[in-house]
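Accompanying notes for the structure given below.
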Amino acid sequence: MGIWKMSVTMRIRPELRAELVEFAAGEQRSLGNLGAILLEWGYAQLKAAGSTERLLRRGNHSKGAAQQRDTAWIVKRG
């Protein structure tokens, strides 16, 4: 059957994109390939946690300033 490909568009901070491009290059991967790996891994983590809220809390008993900054864009819906 082969591998089906799908395009995914997301908005990220320019600084994060630059870091991801640099990291991908160091791994001799494309940004798209690194993004696919991270998306699959992240989704597996999300399924294991059961919700985005539990995922973000998991392993972080107290939120530090860096984590608050990095997750500030996440808006809880519902």
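For this structure, a couple of remarks:
- Local charge for A49 was computed over the other residues whose Cβ lies under 10 Å away, with Lys and Arg +1 and Asp and Glu -1, and equals +3.
- In the range 11-50, taking the dipole from charged Cβ atoms about the Cα centre, the farthest positive-side position among L20, L39, G50 is held by G50.
- In this simple spin-label model, placing a label point 7 Å from the Cα along the Cα-to-Cβ direction at both V21 and I3 gives a separation of 2.3 nm.
Readers should treat all values here as calculations from the given coordinates under stated rules, not as data from a laboratory. As the structure is a prediction and not an experimental result, all values here were calculated from the model. Using ideal geometry, Cβ is built from the backbone for each residue, glycine included, and neighbour counts are taken over all protein chains shown.
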